[in-house]
Amino acid sequence: MLRTCLTELLKIDYPIIQAPIGSASCPKLASAVSNAGGLGMLALSWRSMDEVREVVRETKQMTTKPFGVNLVLEWDQRDRLRICLEEGVKIISLFWGDPTPYVQQIHDAGALVIHTVGSAEEARIAVNAGVDVIVAQGWEAGGHVWGKIASMPLLPNVVDAVSPVPVVAAGGISDGRGIVSALALGASGVWMGTRFLSSEEAFVHPIYREKLFSASESGTTYSCLFDKGWENAPHRTIANSTVKRWEKEGCHRSGQRTGEGEVIAMTPDGRKITRYEDFIPLPEMTGDLEALALYAGQSVGLVRKTQPAREIISELVEETYQVFDELKRLM
(Lines give C-alpha, C1' and ligand atoms only; values in the text may rest on other atoms or scores of the structure.)
Protein backbone atom coordinates (compact mmCIF):
# COMPACT_ATOMS: atom_id res chain seq x y z
CA MET A 1 0.00 0.00 0.00
CA LEU A 2 1.04 3.62 -0.62
CA ARG A 3 0.41 5.36 2.68
CA THR A 4 0.09 9.13 3.00
CA CYS A 5 -1.87 11.43 5.28
CA LEU A 6 -4.58 11.41 2.59
CA THR A 7 -5.00 7.64 2.63
CA GLU A 8 -5.19 7.73 6.43
CA LEU A 9 -7.83 10.47 6.40
CA LEU A 10 -10.00 8.96 3.65
CA LYS A 11 -9.40 5.35 4.76
CA ILE A 12 -8.22 4.18 1.34
CA ASP A 13 -5.26 2.01 0.33
CA TYR A 14 -3.76 4.18 -2.39
CA PRO A 15 -3.62 7.98 -2.78
CA ILE A 16 -5.43 7.84 -6.11
CA ILE A 17 -8.75 9.61 -6.62
CA GLN A 18 -10.86 9.11 -9.73
CA ALA A 19 -11.93 12.60 -10.76
CA PRO A 20 -15.70 13.16 -11.02
CA ILE A 21 -15.78 13.07 -14.82
CA GLY A 22 -19.30 14.41 -15.37
CA SER A 23 -21.76 12.12 -17.09
CA ALA A 24 -18.98 9.57 -17.63
CA SER A 25 -18.93 8.81 -13.90
CA CYS A 26 -21.34 6.16 -12.68
CA PRO A 27 -21.78 3.67 -9.83
CA LYS A 28 -19.98 0.96 -11.79
CA LEU A 29 -16.85 3.09 -12.19
CA ALA A 30 -16.82 4.69 -8.74
CA SER A 31 -17.32 1.35 -6.99
CA ALA A 32 -14.64 -0.35 -9.11
CA VAL A 33 -12.08 2.32 -8.22
CA SER A 34 -12.96 2.17 -4.53
CA ASN A 35 -12.92 -1.64 -4.48
CA ALA A 36 -9.42 -1.50 -6.01
CA GLY A 37 -8.15 0.68 -3.17
CA GLY A 38 -8.53 4.17 -4.61
CA LEU A 39 -11.36 6.65 -4.11
CA GLY A 40 -14.19 6.52 -6.63
CA MET A 41 -16.21 9.66 -7.25
CA LEU A 42 -19.72 10.39 -8.55
CA ALA A 43 -20.61 13.62 -10.36
CA LEU A 44 -24.12 14.53 -9.21
CA SER A 45 -24.43 18.25 -9.96
CA TRP A 46 -27.00 17.96 -12.72
CA ARG A 47 -28.99 14.91 -11.63
CA SER A 48 -32.52 15.15 -10.29
CA MET A 49 -33.04 14.64 -6.57
CA ASP A 50 -34.47 11.17 -7.15
CA GLU A 51 -31.52 10.28 -9.35
CA VAL A 52 -29.05 11.48 -6.73
CA ARG A 53 -30.53 9.16 -4.14
CA GLU A 54 -30.74 6.27 -6.60
CA VAL A 55 -27.14 6.61 -7.81
CA VAL A 56 -25.74 6.84 -4.29
CA ARG A 57 -27.70 3.79 -3.17
CA GLU A 58 -26.61 1.82 -6.21
CA THR A 59 -22.97 2.63 -5.51
CA LYS A 60 -23.36 1.57 -1.86
CA GLN A 61 -24.68 -1.78 -3.06
CA MET A 62 -21.55 -2.28 -5.18
CA THR A 63 -18.89 -1.32 -2.61
CA THR A 64 -18.43 -1.17 1.13
CA LYS A 65 -15.33 1.01 0.65
CA PRO A 66 -15.32 4.82 0.86
CA PHE A 67 -16.46 6.80 -2.19
CA GLY A 68 -17.21 10.46 -2.73
CA VAL A 69 -19.62 12.72 -4.57
CA ASN A 70 -18.88 15.96 -6.39
CA LEU A 71 -21.12 19.02 -6.52
CA VAL A 72 -20.46 22.07 -8.72
CA LEU A 73 -21.24 25.30 -6.92
CA GLU A 74 -22.21 27.25 -10.02
CA TRP A 75 -25.69 26.12 -8.95
CA ASP A 76 -27.35 25.84 -5.55
CA GLN A 77 -26.52 22.34 -4.30
CA ARG A 78 -28.15 22.37 -0.87
CA ASP A 79 -30.86 19.85 -1.73
CA ARG A 80 -28.49 17.44 -3.48
CA LEU A 81 -26.05 17.74 -0.59
CA ARG A 82 -28.80 17.02 1.94
CA ILE A 83 -29.75 13.83 0.10
CA CYS A 84 -26.13 12.67 -0.13
CA LEU A 85 -25.64 13.20 3.59
CA GLU A 86 -28.94 11.47 4.39
CA GLU A 87 -27.68 8.49 2.39
CA GLY A 88 -24.51 8.35 4.45
CA VAL A 89 -21.94 9.72 1.99
CA LYS A 90 -18.85 10.64 4.01
CA ILE A 91 -16.74 12.43 1.39
CA ILE A 92 -18.11 15.53 -0.36
CA SER A 93 -16.14 17.27 -3.13
CA LEU A 94 -17.01 20.87 -4.02
CA PHE A 95 -15.92 22.83 -7.09
CA TRP A 96 -16.38 26.15 -8.88
CA GLY A 97 -17.42 28.47 -6.08
CA ASP A 98 -17.26 29.28 -2.39
CA PRO A 99 -17.47 26.17 -0.18
CA THR A 100 -18.07 28.17 3.01
CA PRO A 101 -21.91 27.91 3.09
CA TYR A 102 -21.71 24.12 2.88
CA VAL A 103 -18.86 23.20 5.22
CA GLN A 104 -20.71 23.20 8.54
CA GLN A 105 -23.58 21.12 7.17
CA ILE A 106 -21.13 18.54 5.88
CA HIS A 107 -19.15 18.41 9.12
CA ASP A 108 -22.31 18.17 11.20
CA ALA A 109 -23.13 14.99 9.28
CA GLY A 110 -19.72 13.55 10.09
CA ALA A 111 -18.43 13.91 6.53
CA LEU A 112 -15.27 15.39 5.05
CA VAL A 113 -15.03 18.32 2.62
CA ILE A 114 -12.74 18.31 -0.41
CA HIS A 115 -12.49 21.53 -2.40
CA THR A 116 -10.77 22.29 -5.71
CA VAL A 117 -8.73 25.49 -6.10
CA GLY A 118 -6.58 27.17 -8.71
CA SER A 119 -4.27 29.24 -6.50
CA ALA A 120 -2.56 29.26 -3.11
CA GLU A 121 -4.71 32.15 -1.92
CA GLU A 122 -7.91 30.27 -2.73
CA ALA A 123 -6.51 27.28 -0.84
CA ARG A 124 -5.87 29.41 2.27
CA ILE A 125 -9.42 30.78 2.17
CA ALA A 126 -10.90 27.30 1.78
CA VAL A 127 -8.90 25.87 4.68
CA ASN A 128 -9.87 28.82 6.86
CA ALA A 129 -13.48 27.95 6.03
CA GLY A 130 -12.91 24.43 7.37
CA VAL A 131 -12.18 22.43 4.21
CA ASP A 132 -10.43 19.13 5.05
CA VAL A 133 -8.65 18.37 1.76
CA ILE A 134 -7.52 20.69 -1.04
CA VAL A 135 -7.35 19.70 -4.71
CA ALA A 136 -4.86 21.88 -6.58
CA GLN A 137 -6.07 21.81 -10.19
CA GLY A 138 -3.47 22.73 -12.77
CA TRP A 139 -4.23 24.33 -16.12
CA GLU A 140 -3.35 21.06 -17.89
CA ALA A 141 -6.47 19.39 -16.53
CA GLY A 142 -9.28 18.16 -18.73
CA GLY A 143 -12.91 19.08 -18.35
CA HIS A 144 -13.76 22.38 -16.70
CA VAL A 145 -10.67 24.22 -15.47
CA TRP A 146 -10.94 26.71 -12.61
CA GLY A 147 -7.50 28.35 -12.63
CA LYS A 148 -4.76 29.36 -15.04
CA ILE A 149 -1.61 28.07 -13.34
CA ALA A 150 0.17 24.89 -14.45
CA SER A 151 0.42 22.02 -11.98
CA MET A 152 4.17 22.19 -11.33
CA PRO A 153 4.27 25.79 -10.04
CA LEU A 154 0.81 25.58 -8.48
CA LEU A 155 1.22 22.46 -6.37
CA PRO A 156 4.17 23.40 -4.12
CA ASN A 157 2.72 26.86 -3.54
CA VAL A 158 -0.58 25.38 -2.41
CA VAL A 159 1.18 22.80 -0.23
CA ASP A 160 3.21 25.53 1.47
CA ALA A 161 0.09 27.66 1.94
CA VAL A 162 -2.05 25.09 3.75
CA SER A 163 0.29 22.51 5.33
CA PRO A 164 -0.48 20.19 7.14
CA VAL A 165 -3.85 19.97 5.34
CA PRO A 166 -3.57 17.27 2.64
CA VAL A 167 -3.25 18.54 -0.93
CA VAL A 168 -4.20 16.47 -3.97
CA ALA A 169 -2.60 17.15 -7.36
CA ALA A 170 -4.91 17.41 -10.37
CA GLY A 171 -4.00 18.01 -13.99
CA GLY A 172 -1.51 16.28 -16.28
CA ILE A 173 -1.20 12.99 -14.36
CA SER A 174 -1.88 9.64 -16.03
CA ASP A 175 0.87 7.27 -14.88
CA GLY A 176 3.19 6.35 -12.04
CA ARG A 177 5.77 8.93 -13.07
CA GLY A 178 3.16 11.63 -12.60
CA ILE A 179 2.21 10.25 -9.20
CA VAL A 180 5.81 10.27 -7.98
CA SER A 181 6.29 13.80 -9.32
CA ALA A 182 3.21 15.01 -7.46
CA LEU A 183 4.33 13.36 -4.22
CA ALA A 184 7.78 14.90 -4.64
CA LEU A 185 6.19 18.34 -4.89
CA GLY A 186 4.40 17.80 -1.59
CA ALA A 187 1.06 16.35 -2.66
CA SER A 188 -0.55 13.65 -0.53
CA GLY A 189 -2.40 12.14 -3.49
CA VAL A 190 -3.46 12.53 -7.10
CA TRP A 191 -6.73 13.25 -8.89
CA MET A 192 -7.04 11.59 -12.30
CA GLY A 193 -9.83 12.01 -14.84
CA THR A 194 -8.54 11.40 -18.35
CA ARG A 195 -6.99 8.03 -17.46
CA PHE A 196 -10.26 6.78 -15.98
CA LEU A 197 -12.26 7.98 -19.00
CA SER A 198 -10.55 5.13 -20.83
CA SER A 199 -11.69 2.53 -18.32
CA GLU A 200 -14.15 -0.21 -19.20
CA GLU A 201 -16.55 1.08 -16.57
CA ALA A 202 -16.67 4.74 -17.68
CA PHE A 203 -20.09 5.61 -19.09
CA VAL A 204 -18.92 6.83 -22.49
CA HIS A 205 -19.45 5.93 -26.15
CA PRO A 206 -16.65 3.90 -27.83
CA ILE A 207 -16.03 6.83 -30.19
CA TYR A 208 -14.97 8.93 -27.19
CA ARG A 209 -12.40 6.32 -26.17
CA GLU A 210 -11.09 6.11 -29.74
CA LYS A 211 -10.50 9.86 -29.75
CA LEU A 212 -8.68 9.64 -26.42
CA PHE A 213 -6.35 6.98 -27.77
CA SER A 214 -5.53 8.86 -30.96
CA ALA A 215 -4.90 12.25 -29.28
CA SER A 216 -1.42 13.54 -28.48
CA GLU A 217 -0.23 15.77 -25.65
CA SER A 218 -0.72 18.73 -28.01
CA GLY A 219 -4.14 17.59 -29.16
CA THR A 220 -6.32 19.47 -26.66
CA THR A 221 -7.69 23.01 -26.64
CA TYR A 222 -8.46 25.32 -23.71
CA SER A 223 -11.55 27.42 -24.47
CA CYS A 224 -15.13 28.29 -23.53
CA LEU A 225 -16.46 26.78 -26.76
CA PHE A 226 -18.85 24.15 -25.41
CA ASP A 227 -20.84 26.66 -23.40
CA LYS A 228 -24.47 25.79 -24.01
CA GLY A 229 -25.61 24.70 -20.56
CA TRP A 230 -22.66 26.19 -18.67
CA GLU A 231 -21.72 29.68 -19.83
CA ASN A 232 -18.34 31.37 -19.28
CA ALA A 233 -16.75 28.21 -17.92
CA PRO A 234 -13.29 27.49 -19.41
CA HIS A 235 -12.59 23.88 -20.23
CA ARG A 236 -10.12 21.63 -22.01
CA THR A 237 -11.28 19.30 -24.77
CA ILE A 238 -9.80 17.25 -27.58
CA ALA A 239 -9.41 19.41 -30.68
CA ASN A 240 -12.12 17.74 -32.76
CA SER A 241 -13.90 18.93 -35.90
CA THR A 242 -16.03 21.47 -34.00
CA VAL A 243 -12.97 23.00 -32.33
CA LYS A 244 -10.89 23.08 -35.51
CA ARG A 245 -13.63 24.75 -37.57
CA TRP A 246 -14.19 27.33 -34.83
CA GLU A 247 -10.47 28.12 -34.72
CA LYS A 248 -10.23 28.30 -38.51
CA GLU A 249 -13.13 30.75 -38.67
CA GLY A 250 -11.58 33.09 -36.10
CA CYS A 251 -12.72 31.83 -32.68
CA HIS A 252 -15.96 33.82 -32.71
CA ARG A 253 -17.99 34.31 -29.56
CA SER A 254 -21.32 32.69 -28.82
CA GLY A 255 -23.97 34.06 -31.15
CA GLN A 256 -21.51 34.46 -34.02
CA ARG A 257 -20.35 30.86 -34.50
CA THR A 258 -21.15 28.63 -37.45
CA GLY A 259 -23.70 25.93 -36.74
CA GLU A 260 -25.24 27.29 -33.56
CA GLY A 261 -28.52 25.52 -32.90
CA GLU A 262 -27.59 22.71 -35.31
CA VAL A 263 -28.68 19.28 -34.05
CA ILE A 264 -25.72 16.93 -34.35
CA ALA A 265 -26.60 14.03 -32.05
CA MET A 266 -29.45 12.24 -30.35
CA THR A 267 -29.71 10.42 -27.02
CA PRO A 268 -31.43 7.02 -26.80
CA ASP A 269 -34.52 8.66 -25.26
CA GLY A 270 -34.83 11.14 -28.12
CA ARG A 271 -33.18 14.24 -26.70
CA LYS A 272 -31.61 16.40 -29.42
CA ILE A 273 -28.06 17.59 -28.76
CA THR A 274 -26.89 20.72 -30.56
CA ARG A 275 -23.42 21.86 -31.52
CA TYR A 276 -21.50 23.63 -28.72
CA GLU A 277 -23.59 21.95 -26.02
CA ASP A 278 -21.90 20.85 -22.79
CA PHE A 279 -22.57 17.19 -23.56
CA ILE A 280 -20.24 14.24 -24.11
CA PRO A 281 -20.81 11.12 -26.27
CA LEU A 282 -22.64 8.59 -24.10
CA PRO A 283 -23.44 4.94 -24.84
CA GLU A 284 -26.10 4.30 -27.52
CA MET A 285 -26.15 7.91 -28.70
CA THR A 286 -26.30 8.45 -32.46
CA GLY A 287 -25.16 11.21 -34.80
CA ASP A 288 -21.92 13.10 -35.31
CA LEU A 289 -20.55 12.10 -31.91
CA GLU A 290 -16.98 13.09 -32.72
CA ALA A 291 -18.16 16.72 -32.92
CA LEU A 292 -19.43 16.79 -29.33
CA ALA A 293 -17.46 17.99 -26.30
CA LEU A 294 -14.59 15.53 -25.78
CA TYR A 295 -13.17 16.59 -22.42
CA ALA A 296 -9.57 15.49 -21.84
CA GLY A 297 -6.41 16.81 -20.22
CA GLN A 298 -2.92 17.21 -21.64
CA SER A 299 -1.97 13.82 -20.20
CA VAL A 300 -4.19 12.24 -22.86
CA GLY A 301 -1.08 11.37 -24.90
CA LEU A 302 -0.25 8.76 -22.24
CA VAL A 303 -3.65 7.06 -22.48
CA ARG A 304 -3.62 4.31 -25.08
CA LYS A 305 -5.91 1.42 -24.12
CA THR A 306 -9.12 0.39 -22.40
CA GLN A 307 -8.66 -1.40 -19.09
CA PRO A 308 -10.81 -2.33 -16.11
CA ALA A 309 -10.52 0.29 -13.39
CA ARG A 310 -8.96 -2.21 -10.98
CA GLU A 311 -6.24 -2.91 -13.55
CA ILE A 312 -5.59 0.82 -13.96
CA ILE A 313 -5.14 1.18 -10.20
CA SER A 314 -2.86 -1.85 -10.05
CA GLU A 315 -0.75 -0.59 -12.94
CA LEU A 316 -0.45 2.90 -11.45
CA VAL A 317 0.72 1.50 -8.11
CA GLU A 318 3.24 -0.82 -9.76
CA GLU A 319 4.62 2.02 -11.89
CA THR A 320 4.91 4.24 -8.84
CA TYR A 321 6.96 1.66 -6.96
CA GLN A 322 9.15 1.15 -10.03
CA VAL A 323 9.90 4.87 -10.25
CA PHE A 324 10.71 4.98 -6.53
CA ASP A 325 13.14 2.07 -7.00
CA GLU A 326 14.81 3.76 -9.96
CA LEU A 327 15.27 6.96 -7.97
CA LYS A 328 16.79 5.06 -5.05
CA ARG A 329 19.38 3.58 -7.38
CA LEU A 330 20.43 7.09 -8.37
CA MET A 331 21.09 8.13 -4.78
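The values are calculated or read from the model by the stated rules, or taken from the named source; none is laboratory data. This is a predicted model, so every value here is computed, not measured. Reconstructed Cβ throughout: ideal geometry from the backbone, glycine too, with neighbour counts over all protein chains shown.
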Give the range 95-132 a look and list any residue that's surrounded by fewer than 16 Cβ atoms within 10 Å (Cβ to Cβ) and acidic (Asp, Glu), or say none. 98, 108, 121
Which of (1) out of contact with any helix residue (DSSP H, G or I) (no Cβ under 9 Å at 6 or more places or on another chain); (2) crowded, with 22+ Cβ neighbours inside 10 Å is the odd one out, the single condition residue 153 does not satisfy? (2)
In the range 107-116, is there at least one residue being touching a Lys or Arg at 6+ places or on another chain (Cβ under 9 Å), in the same structural domain as residue 79 (by TED's automatic domain parsing) and within 22 Å of residue 159 (Cβ to Cβ)? yes
Which of the residues spanning the range 37-64 are surrounded by fewer than 19 Cβ atoms within 10 Å (Cβ to Cβ) and within 27 Å of residue 8 (Cα to Cα)? 57, 58, 60, 61, 62, 63, 64
When residue 208 is evaluated against the numbered criteria (1) within 15 Å of residue 281 (Cα to Cα); (2) within 14 Å of the chain's Cα centre (by Cα), which criterion, by number, is the only one it fails? (2)
Within the range 42-84, can you find the residues that are farther than 16 Å from residue 144 by Cα, assigned to a strand (DSSP E or B) and of a type in the set (A, V, I, L, M, F, W, C)? 67, 69
Of the numbered conditions (1) free of Cβ contacts under 8 Å to residues at least 12 places away in the same chain; (2) part of a strand (DSSP E or B); (3) among the charged types (D, E, K, R), residue 269 fails exactly one; give the number of that condition. (2)
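Checking the structure you have, find out if any residue of the range 118-137 is polar (S, T, N, Q) and over 23 Å from residue 294 (Cβ atoms).
Yes, the conditions are met somewhere in the range 118-137.
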Counted residues in the range 290-331 being more than 18 Å from residue 178 (Cβ to Cβ), in contact with a Lys or Arg (Cβ under 9 Å, 6 or more places away or on another chain) and assigned to a helix (DSSP H, G or I) come to 2
Output the residue which, of all residues in the range 200-220 that are in contact with a strand residue (DSSP E or B) (Cβ under 6 Å, 6 or more places away or on another chain) and not in a loop (DSSP other than H, G, I, E, B), is farthest from residue 273 (Cα to Cα). 220
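Conditions tested, residue by residue: (1) farther than 22 Å from residue 144 by Cα; (2) hydroxyl-bearing (Ser, Thr, Tyr); (3) in contact with a strand residue (DSSP E or B) (Cβ under 6 Å, 6 or more places away or on another chain).
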{"position": "230", "(1), (2), (3)": "no, no, no"}
{"position": "253", "(1), (2), (3)": "no, no, no"}
{"position": "256", "(1), (2), (3)": "yes, no, no"}
{"position": "260", "(1), (2), (3)": "no, no, no"}
{"position": "270", "(1), (2), (3)": "yes, no, no"}
{"position": "276", "(1), (2), (3)": "no, yes, yes"}
{"position": "284", "(1), (2), (3)": "yes, no, no"}
Please find, among 302, 327, the residue that is within 26 Å of residue 7 (Cα to Cα) and more than 21 Å from the chain's Cα centre (by Cα). 327
Suppose the filter is in contact (Cβ under 8 Å) with a residue 12 or more places away in the chain, over 16 Å from residue 99 (Cα atoms), touching a Phe, Trp or Tyr at 6+ places or on another chain (Cβ under 8 Å) and buried (at least 22 other Cβ atoms within 10 Å of the Cβ); does residue 135 pass it? no
